[in-house]
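Notes follow the structure.
The values are calculated or read from the model by the stated rules, or taken from the named source; none is laboratory data. Computed from a predicted model, the values in this text were never measured in an experiment. Here the Cβ positions follow ideal geometry from the backbone for every residue, glycine too, while neighbour counts run over all protein chains shown.
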Amino acid sequence: MTALAIKPLEVAWDRLNTLMPVFPIRTQQQYDQATEMLNGLLDIVGDDESHPLYDLLDTLGTLIHVYEKNSYPEPDVSELDVLKYLMAEHNISDLPEIGDSNYINGILSGQHQMTIGDVKALSQRFNVSVTTFLN
């Protein structure tokens, strides 16, 4: 890369980090900020992979996941196990915010994968981070 190309890249990177920091997360404060931004992006983008901000959402989710994996080691539990636990803990058998009983049974039996929309709805329902369901 030439010196002429580097300067505009530095300016663009500084501007991006002013709007939304996109770099490895190293502190709890950065984690909190990134999680808040991820939730905001999920509100806008949802699971629309054709949305112009989808790659940013995906990148931010990856950065959050790496920080959580390094900072909060968890036992090897699947998102399905987490969902089953939360449903038992809250004594519920239906989740109308993500679908009918056939759809829920498909998820619980492992026949269906949760969508990003499902993950967002479940995180709101159970008041947990969206990353709880992203393994």
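At-a-glance table
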| read-out | value |
| --- | --- |
| All positions within the range 101-129 that are over 20 Å from Asp48 (Cβ atoms) and either small (Gly, Ala, Ser) or surrounded by fewer than 11 Cβ atoms within 10 Å (Cβ to Cβ) (or both) | Ser101, Asn102, Gly106, Ser109, Gly110, Gln111, Asn127, Ser129 |
| Condition check for His51: within 14 Å of the chain's Cα centre (by Cα) and in the same structural domain as Leu16 (by TED's automatic domain parsing) | no |
| Among residues of the range 44-63, those that are exposed (fewer than 13 other Cβ atoms within 10 Å of the Cβ) and in contact (Cβ under 8 Å) with a residue 60 or more places away in the chain, counted | 0 |
| Among residues of the range 1-29, those that are surrounded by 11 or more Cβ atoms within 10 Å (Cβ to Cβ) and either in contact (Cβ under 8 Å) with a residue 12 or more places away in the chain or among the charged types (D, E, K, R) (or both), counted | 6 |
| Residue satisfying all of: in the range 78-100; of a type in the set (Asp, Glu) and within 17 Å of Gln124 (Cβ to Cβ); surrounded by the most Cβ atoms within 10 Å (Cβ to Cβ) among these | Glu79 |
| The lone exception for Tyr103 - which of (1) within 30 Å of Leu16 (Cβ to Cβ); (2) out of contact with any helix residue (DSSP H, G or I) (no Cβ under 8 Å at 6 or more places or on another chain) it fails | (1) |
| Leading residue by the ranking (farthest from Leu63 (Cα to Cα)) among those in the range 30-39 that are of a type outside the set (A, V, I, L, M) and surrounded by 13 or more Cβ atoms within 10 Å (Cβ to Cβ) | Asn39 |
| Condition check for Val66: within 16 Å of Thr131 (Cα to Cα), loosely packed, with under 14 Cβ neighbours inside 10 Å and modelled with pLDDT of 90 or more | yes |
